[in-house]
Amino acid sequence: MLCTLREDEMRTMLFRRILAAFLLVTVASASAQSATHAGWKTYRSADFGFQIDYPRTMSFYPGGPEAPPEHSMIPVCDQDAVACFEYNGHALDHTIIQGLGVSINVLREMNTKADCYAIDAETIKTAVVHGRIFHYVETSDAAAGSSEDVKDYRTFYRQVCFEVALHRAQSDVAPIQYAEYGIRPLNKRALRALESAMHRMLLSFVLVGPVKNGAGWSTFTECDCGETFEYPWNASVERVDTSSTHFFNAWGISCLERFMYGQSQYLVAAKEGLPDRDAVTAWLESTGFPPLNEMQWTAKDPSLMEYRGRDIVYFLHGSSFFVITETDGSAGPTLTGVDGVLDHLASSFRVQ
């Protein structure tokens with residue numbers, strides 16, 4: 001009986017010690033977490049299922065096909081960004097530092113874990129963030145008297161390759177030339193504090209939900225007509241010579257891109273020189289496309305108007321008018337209804 005009581009007492013004491021230690025660690029961690037992120041905001045992406053904290057000294061940009069403002073010679077927001085945070089403070093004004101940023105990228109063409117982790121670098125390291133393994137490298141790039149240092153972290157989640165890239169863009173000016181270029185010496189302590197905050201942003205990054213349309217999409221940009229859109233990664237977008245196609249030549253189409261996917265052909269056509277709604281209406285009547293008053297109108301952004309119908313999508317940007325549709329591959333448009341590909345293409349459409 002005495003042995004039993006002693007064993008019970010020992011187990012009770014051990015349990016209390018473990019519980020006390022656990023509570024102490026929990027309180028300490030919570031205090032450190034709240035101190036680290038005091039005044040920070042949290043961004044959560046409903047489309048890509050991630051969450052990240054950021055300080056008020058970082059401006060948020062949504063990324064996607066529409067690029068954020070560029071404040072440095074080498075942009076700190078990547079082309080594949082689905083969210084980007086750029087330093088907006090003044091601690092580094094008039095120094096060689098042009099910009100700091102954290103870019104969250106979705107690398108849609110990397111559809112396997114092997115592709116995602118095949119980073120072109122001599123040394124690839126690993127880190128664990130919220131229990132998830134990241135492969136990362138430190139790289140540098142240079143262009144036009146400027147350079148960039150990047151810490152690039154990748155992880156593969158739900159068949160999607162995520163990348164968290166910490167950017168520092170700077171001018172390549174020697175200290176002896178500072179006076180000539182109006183550059184003041186760099187406050188290295190301020191720089192270290194800002195880069196530490198960027199690292200804490202990385203440590204706050206967590207994948208928390210499903211990914212919508214994350215895998216299987218590539219980005220296409222047509223510089224002449226200025227549009228950008230996403231298409232299935234295993235399709236191939238080609239520019240069409242409109243003079244060789246009777247319908248589109250007669251309609252005065254200035255740019256035409258197409259790709260095949262499944263049994264369908266997808267078209268992105270641009271018509272220039274339509275200065276107002278009346279001109280658009282007249283042109284639509286001449287082509288046989290549905291009129292604007294039969295479409296559902298939304299403002300995608302202040303300069304881009306979107307008109308959606310049951311089986312066709314229009315965009316109006318200034319005097320440029322875009323038609324996005326699906327055909328059965330014949331010479332003229334034979335509309336077969338909006339599907340997942342057409343809907344995603346239209347949702348990703350932007351004008352540069």
Per the C-alpha gyration tensor (a ≥ b ≥ c, the square roots of its eigenvalues), the stretch 130-282 is rounded if a/c is under 1.5, else prolate if a/b beats b/c, else oblate; here it's oblate
How far apart, in nanometres, would the label points at residue 347 and residue 125 be if each is projected 7 angstrom from Cα along the Cα-to-Cβ direction?
3.7
According to the square roots a ≥ b ≥ c of the eigenvalues of the Cα gyration tensor, what is the shape class of the stretch 41-207, taking rounded for a/c under 1.5, prolate for a/b larger than b/c otherwise, and oblate for the remainder?
prolate
Report the calculated FRET efficiency for residue 133 and residue 79 (r = Cβ-Cβ distance, R0 = 25 Å), to the nearest 0.05.
0.50
Apply 1/(1 + (r/R0)^6) to the Cβ-Cβ distance of residue 250 and residue 293, taking R0 = 22 Å, and write down the FRET efficiency to the nearest 0.05.
0.35
Test of the criteria: in the stretch 145-240, which trypsin sites (Lys or Arg not before Pro) are in a DSSP loop and have at most 15 other Cβ atoms within 10 angstrom of their Cβ?
158, 212
Once you keep just the Cα pairs under 8 angstrom separated by 6 or more residues, what percentage relative contact order results for the stretch 71-216?
28
If I take every Cα pair under 8 Å that is 6 or more residues apart in the stretch 217-351, average their sequence separation and divide by the length, what percent do I get for the relative contact order?
24
Please work out whether the stretch 217-351 counts as rounded, prolate or oblate from its C-alpha gyration tensor, where a ≥ b ≥ c are the square roots of the eigenvalues and a/c under 1.5 means rounded, while otherwise a/b larger than b/c means prolate and anything else oblate?
rounded
Potential extension, residue 301-residue 109 segment - 0.36 nm per residue separation minus Cα distance
66.4 nm
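Values quoted throughout were computed directly from the atomic coordinates according to the rules given, and no laboratory measurement underlies them. Nothing here was measured: the structure is a model prediction, and the numbers come from that model. Positions of Cβ are backbone-derived with ideal geometry, glycine not excepted, and every protein chain shown enters the neighbour counts.
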